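One structure below.
The numbers here are math on the coordinates, done by the rules we state, and not lab data. Treat the numbers as computed from the prediction; the structure is a model and nothing was measured. Cβ atoms come from the backbone with ideal geometry, glycine included; neighbour counts cover every protein chain shown.
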Amino acid sequence: MKTSKRWLPLTFKIALLTFLLLWTLIPITWMVLSSFKPNDIITAGTPRVFFTPTLEHYTSLFSSGNSLWPYLLNSLFIAGVSTLIAVVLGCMAGFGLSRIRIKGKQHLAFWIISTRMAPIAAVIVPLYLLFRYLYLLDTHAGLIVAYLSFNLPFAIWLMTAFFDDLPLDLEEAAMIDGATKLQAFRYVVLPLMTPGLVTTAILCFIFAWNDYAFAQTFSGPSTQTIPIAAAQLLTQTGIDWGKLLAIGTIVVCPMAIAGLLVKRWLVQGLTLGAVK
Amino acid sequence: MMSPALFLLALITLVPFFSIIWMSFNDVSLMGGLAFEFSGLDNWQRVFTDPDIRSSWLISLIYFLATVGLEMAIGTVMALLVYSLTRGSNIIISLLLIPMFIAPVIVGLLGRFMLDPSHGLYAWLLNESGLFDGNILGSVGSAMVAVILMDVWEWTPLVALIVLAGLASVPEDTLEAAEMDGAKYGQKLLYIILPSISNILLVALLIRAMDAIRFFAIIFITTNGGPADSTKIIPIRLYDIAFRFFDLGYAAAVGITMLVFSIMVATAFTKLLKRQETSS
């Protein structure tokens, strides 16, 4: 019923909502807008809303000597592989964990969730040492392992929550009809899991793509990801704002779109299944 | 089916876990090849006596209370506002959610861009309106406020999203009954809405609590702990110890104290989940 939702004077409500929308959207809009401005307009003392748009920052990003391509490919490859491994293994483990009845299951669950919650700064220290021993610094494999340290527990946990929501009757019915457990999983359970799998994959990819701390510590000249490209430009004296804002736009836009695509399952994903 | 994943997880989490414990009892040197030298409780004694660590924990506490507090408050208001909309709520919540998909490095970049003393839009607005005319990220006090607000900007939408999901479970008929009895909005909020989403609020709080100590990229990229160490939260301090002074043994001990905090949050989280299971 509509009336039960109405509260506060309407004008106040609209004003508050407008403020929150402006607060949220102004920085992003300003970044995207400014990435099409020539540098002298970006750094002008007074902000300019009207200007002749230019693509110069984007073209220079992909053509100049220090091109963004290697960074972009590193990001795609490292985030992609770590996502793939996390989702495949997480899906299998999630199914198992959801269906199994064993003693000490909650200890197992606790271990998984606490590895996921471990502070990045604390994980970096031992990993750095191990990677030095194993010659994994400045390798793609090293960063993939580092991202798995948070994406794998995340995927296991989340897939377990998604499988928990699926009634057992379906697989049981399939098995009564003569399917093996594996067949029931492959042909009955898995198709129903598509939203869960897609949500888990997109979130894992976003986490890996957005990481800065691990990449800053473990990557070298041949493995640097896009956030590192942004950070490098940012720490130079005489910041090239146009280029930097173009990188920012490239980092942000695909992830925002991907995230909103799974909006329906986002709450479940980001609360690790605690809220449905 | 679980074994490959659990085996891999054990490998990439337990090995570092035992390494960090072992490191914390050693003097680890990186200069001229790796060298371990057993140093007993030296690092641990330093963790508990170092005034720099103590001040970093204090700054972390302020940062933590301010960010999580503001995110919970504003996020709840945001959710109640969107919930009360009769149309357009779908598009509005989508727009409001965008910041949480943004890489923390880019949030830091945005902060630097908007607050740049010579051409930042927000710096210009503050300056023109006469509210603040200094270098925001370069002054003690205002730098802390700025990094707190950047975190709030990024993560308030997550709280709003969680609370909004909880609001869907508020009993409509109870609200209607209360309304017929003449209850005001404040009363409905206090006696019906908030109690029925209290569990959800707790989930939001725990999720934010764990992430607040997990990430540090925003500060890393904007102030890197400065000016005068005024924004040096504990992860930044740890990173300095490990990778600026290469004192990895000491960094390991500091890291373990952070782990203890996150394990406490994880314990609370799993307890809460269990309570939900038994109550539903």
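A few notes on this one:
- By the count of neighbouring beta-carbon atoms within 10 Å, fewest first, A:Thr24, A:Thr271 end up ordered A:Thr24, A:Thr271.
- 3J(HN,Hα) from dihedral phi, the range A:185-194, Karplus parametrisation 6.51/-1.76/1.60, rounded to Hz, x for glycine, proline: 5, 5, 9, 10, 6, 4, x, 6, 8, 3
- Proximity of backbone amide H atoms, modeled 1.01 Å from N, is registered between B:Asn26 and B:Ser39 at under 5 Å, excluding neighbours fewer than 5 places apart on the same chain.
- Ranked by the mean number of other Cβ atoms within 10 Å per residue, highest first, peptides B:251-259, B:80-88 order as B:251-259, B:80-88.
- Sequence of A:Leu97, B:Leu14 once ranked by neighbouring C-beta atoms within 10 Å, starting from the fewest: B:Leu14, A:Leu97
- For the range A:59-185, relative contact order (Cα pairs under 8 Å, six or more residues apart, normalised by length) works out to 39 percent.
- Above-threshold pairs, the threshold being 29 Å between Cα atoms, out of A:Lys13/A:Lys37; A:Lys103/A:Lys276; A:Lys276/B:Lys188: A:Lys13/A:Lys37
- Legend: ranking of residues B:Glu179, B:Glu277, B:Glu154 from fewest to most surrounding C-beta atoms inside 10 Å; resulting order B:Glu277, B:Glu179, B:Glu154.
- Relative contact order (percent, whole number), chain A, Cα cutoff 8 Å, 6+ residue spacing: 28 percent
- Averaged over the residues of peptide A:16-26, the number of Cβ atoms from other protein chains lying within 10 Å of each residue's Cβ is 5.
- Computed on the range A:145-214, with alpha-carbon pairs under 8 angstrom and 6+ residues apart, the relative contact order is 46 percent.
- Top of A:Leu25, A:Leu233, A:Leu168 by mean-square fluctuation, Gaussian network on chain A, Cα under 10 Å: A:Leu25
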